[in-house]
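Below is one structure, written out as structure tokens; the observations come after it.
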Amino acid sequence: MPNSSQLGLYIHWPFCLSKCPYCDFNSHVASDIDEEAWHKALVTELHHMAELSDHSAYGRRPLSSVFFGGGTPSLMPTKIMSSLITEAEKLFGFMADIEITAEANPTSVETAKLQGFQQAGVNRVSLGVQSLDDTALSFLGRGHSANEAIKALELSRDLFDRVSIDLIYGLKDQSVADWEGQLSKALSFDLDHLSLYQLTIEPGTQFYSRARKGEVLNLDDDAMADLYLITETQTAAHGLFNYEVSNYARSGAQSRHNLLYWRCQDWLGIGPGAHGRLTQINGRRETVTRRSPQGWLTQIKDKGHGVSESVVDDQEAICEEILMMGLRLSEGVPLSRLSQLAGTSDWPFTSQQIEPLISEAWLSLENDQLIANFEGRLRLNYMLQALLAS
Ligand SMILES: C[S@@+](CC[C@H](N)C(=O)[O-])C[C@H]1O[C@@H](n2cnc3c(N)ncnc32)[C@H](O)[C@@H]1O
Ligand code: SF4
């Protein structure tokens with residue numbers, strides 16, 4: 001079983017050059033950013049989180065991962081990134097094999113900053129390529145071409161040992177041949193990690209408003225499932241395994257930081273709208289910071305942190321999270337995590353709830369491990385509803 005005392009740090013940089021029409025992440029376009037104020041505020045919140053971790057079940061301990069996410073962290077001034085890495089190491093210490101990831105957009109401005117990030121201590125880059133086709137990139141409202149993305153990818157591979165790219169598939173009218181072509185091109189770069197997302201229409205986005213007016217923007221469920229199967233087959237043929245619903249890696253190259261979320265381990269979250277989880281003697285603390293960048297900045301000045309919610313989850317919430325997160329992983333959920341984290345040896349579901357899913361071969365229970373099979377992962381929402389219905 002993975003070591004449950006691991007600790008990660010998530011840092012959210014909420015700014016982007018423009019807002020992509022499909023994106024519901026906490027991302028904002030701002031013309032004027034007070035860099036000094038942001039730098040100071042992030043460091044202040046980092047200190048607050050270090051103190052919070054002193055009261056957790058495992059105390060303050062060396063970090064196993066740091067993740068700069070967004071928004072667009074590749075727009076963060078290198079000086080701030082570097083100072084946060086230095087400060088985090090001073091406050092917590094780093095495990096010898098720490099993974100430090102930055103998400104980066106492949107515009108030329110950001111590509112020019114990659115070397116600085118490497119010097120600051122980043123050792124893994126997750127590049128938002130999204131598509132290798134210019135028409136699709138313009139449909140997705142991206143500010144870069146496929147060629148720029150490939151240049152950024154090549155430079156990233158020269159600078160970093162570990163590089164991952166994000167692609168979105170299942171755009172309206174996308175044919176099987178088109179996706180197969182893009183995927184084989186992506187696989188030809190011989191990366192050890194790919195995040196391959198089906199285009200989803202999220203409430204609050206521009207795509208959502210357009211879809212409500214009747215515009216079709218993505219493929220239907222059946223066509224999406226066909227592309228998902230092709231994705232599984234093509235990546236497997238290149239030695240990448242589908243370790244999480246949308247993530248594919250060579251053995252040992254999984255995103256260590258994201259595994260903390262899916263395995264319900266501990267991480268601290270700083271910056272606007274960042275979430276965190278800390279195991280405590282009496283349960284599991286969930287923290288959320290204020291979502292609005294200006295509101296977060298103001299609260300840091302007033303209170304020394306931007307936390308807007310800090311609650312110890314009850315048993316039901318913990319069980320729900322363990323299942324929701326763990327069933328996304330091909331390794332599944334060790335049921336012993338339930339007793340370890342939620343303090344109960346009872347399963348949160350009855351045999352009447354689980355047996356139909358097992359007999360459909362969507363779910364399997366091997367020793368302690370509950371696993372959603374490939375067919376089950378296609379129906380994850382349905383299965384969770386069936387398992388968690390009271
Ligand atoms: C934090 S976001 C973006 C990071 C970075 N700013 C970028 O745009 O490349 C992480 C990833 O989620 C994926 N994503 C975001 N919204 C999505 C949606 N509606 N459907 C599918 N994938 C989505 C994109 O592939 C994106 O790279
Ligand atoms: S997809 Fe990335 S660049 Fe586009 S708005 Fe979202 S966070 Fe910003």
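Observations on the structure shown:
- Taking all Cα pairs closer than 8 Å and separated by 6 or more residues, the relative contact order of the stretch 314-390 comes to 34 percent.
- All-pairs Cα distance distribution in the stretch 314-390, expressed in whole percent, bin size 10 Å: 20, 60, 20, 0
- Dimensions of the stretch 24-137 along the principal axes, based on C-alpha atoms and rounded to the nearest Å, stand at 51, 33, 29, largest first.
- Rounded to whole Å, the principal axis extents of the Cα atoms in the stretch 7-260 read 51, 41, 36, largest first.
- Relative contact order %, the stretch 7-260, counting alpha carbon pairs below 8 Å whose residues are six or more apart: 18
- Translational D in µm²/s for the stretch 240-334 (Stokes-Einstein at 25 °C, 0.890 mPa s, Kirkwood Rh from C-alpha pairs): 166
- Difference of contour (0.36 nm per residue) and Cα-Cα distance, Ser83 to Gln115: 10.0 nm
- Bridge type composition, the chain - antiparallel percent by DSSP, nearest 5: 45
- Stretching Phe241 away from Asp302 to a fully extended chain increases their span by 17.3 nm, per 0.36 nm per residue minus the current alpha-carbon distance.
- Per-residue packing, averaged as other Cβ atoms within 10 Å, sorts the ranges 349-361, 124-136, 96-108 into the order 124-136, 96-108, 349-361, beginning with the highest.
- Projecting label points 7 angstrom from Cα along Cα→Cβ for Asp190 and Ile358 puts them 4.5 nm apart.
- Accessible surface of the chain [probe 1.4 Å, protein heavy atoms]: carbon and sulfur percent: 49
- Calculated P(r) tail over 20 Å for the stretch 123-215, as whole % of Cα pairs: 39
- Ordering of 167-179, 57-69, 203-215 by packing is 57-69, 167-179, 203-215, highest average first (other Cβ atoms within 10 Å, averaged per residue).
- Accessible surface, per residue, of the chain when the full set of protein chains is kept, probe 1.4 Å, Å²: 44
- Contact order, relative form, for the stretch 64-113: 62 percent (alpha carbon pairs under 8 Å, 6 or more residues apart, mean separation divided by residue count).
- Note on the chain: with charges restricted to the Cβ of Lys and Arg (+1) and Asp and Glu (-1), its dipole about the Cα centre is near 900 debye.
- Placing unit charges on each Cβ (+1 for Lys and Arg, -1 for Asp and Glu) gives the chain a dipole about its Cα centre, and among Gly326, Ala30, Tyr261 the Cα reaching farthest toward its positive end belongs to Ala30.
The values are calculated or read from the model by the stated rules, or taken from the named source; none is laboratory data. Everything numeric here is computed off the predicted structure, so don't read it as measured data. All Cβ positions, glycine included, derive from the backbone under ideal geometry; neighbour counts span all protein chains shown. Surface areas here come from the heavy atoms of the whole protein model, side chains and all, with no ligands, DNA or RNA. Shrake-Rupley method; radii C 1.70, N 1.55, O 1.52, S 1.80 Å.
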